[in-house]
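Remarks on the structure that follows.
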Amino acid sequence: MRRPFIAGNWKMNLLVDQSLALAKAVKTAAGQTDTVDVLVAPTFASLAGVLEVLKGTGVAVAAQTCHWEPSGAFTGEVSTEMLKDMGCSHVIIGHSERRQYFGETDEWVNKKIHAAFRAGILPIVCIGETLEQREAGDTFKVLDAQLTAALDKVEASTMPSLTVAYEPVWAIGTGKTATPEQAQEVHAHLRVLLATLYDDSVAQQVRIQYGGSVKPSNVKELMAKPDIDGALVGGASLKADSFEALIHFDQ
Ligand code: PGA
């Protein structure tokens, strides 16, 4: 069975001291559950400190992006080999903010996924439609294109360690959550797509997180849906008490 996977994406928030304080609170909260996988994704500036706080605790630490080359003249970028060397276990790839503000394309997302596996880091791959695309009835078409391109030449054997995050762009940071029914409809559809691209066994093993205004008041009903395996959380992951409530959604 797929273990619930609750991840906090801190985005460009929190100074180092604030990140360390939050990481300590997450460590305590995660120590009180053995049924949920927990991950945090601090900024690059706080990554080393947070890794130190969470070392040996079972809480996974991710970078929010990466480059696909192992090294070279790419000012400002960080490779998956460097993330692995620091102790990161995961990397978030293709977040809609990266796509929207930094020109990240499906092709880059695919290269980054290959780079993550090359370095032994597990990718969390974000896909999502805009409001315009949803209203035009293109949701499935857009998501199918994003996920199919992202997974080009990704081996079936590595797929169970990849996580897909479905994050409707219109629900991110807006307070508008997809209803559990809307999210479940998409997650079920994505699982069918995974079965088509690979097979049933892969489709049943890949975890699909929902992201977009997840908070303590809506996490339970989202997580109750059969194909929603976790949450990728922005705003509500920045405060210890709300992220603790998300980690303990099943208690
Ligand atoms: P949000 O962000 O929870 O603040 O909507 C989610 C995300 O972008 O991962």
With segment 1-90 as the region, which helices (runs of 4 or more DSSP H) entirely inside it contain at least 1 residues that are within 17 Å of Ala116 (Cβ to Cβ), hydrophobic (A, V, I, L, M, F, W, C) and open to solvent by 50 Å² or more (accessible area, probe 1.4 Å)? 44-54, 80-86
Looking only at segment 125-147, and only at residues there that are of a type in the set (Asp, Glu) and in a loop (DSSP other than H, G, I, E, B), the one that is surrounded by the most Cβ atoms within 10 Å (Cβ to Cβ): Glu129
Taking the stated definitions as given, is Asp227 farther than 28 Å from Leu22 by Cβ and either under 18 Å from the mean Cα position of the chain (by Cα) or among the hydroxyl-bearing types (Ser, Thr, Tyr) (or both)? yes
Restricting attention to segment 93-110, the residues that are under 12 Å from Leu151 (Cβ atoms) and assigned to a helix (DSSP H, G or I) number exactly 3
When the residues of segment 135-150 are narrowed to those that are over 20 Å from the mean Cα position of the chain (by Cα) and among the acidic types (Asp, Glu), which ends up nearest to His189 (Cα to Cα)? Asp138
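The values are calculated or read from the model by the stated rules, or taken from the named source; none is laboratory data. The shown structure was predicted, so the numbers you read here are calculated from the model rather than taken from an experiment. Reconstructed Cβ throughout: ideal geometry from the backbone, glycine too, with neighbour counts over all protein chains shown. Calculation scope for accessible area: heavy atoms of the full protein, side chains included, ligands and nucleic acids excluded. Shrake-Rupley method; radii C 1.70, N 1.55, O 1.52, S 1.80 Å.
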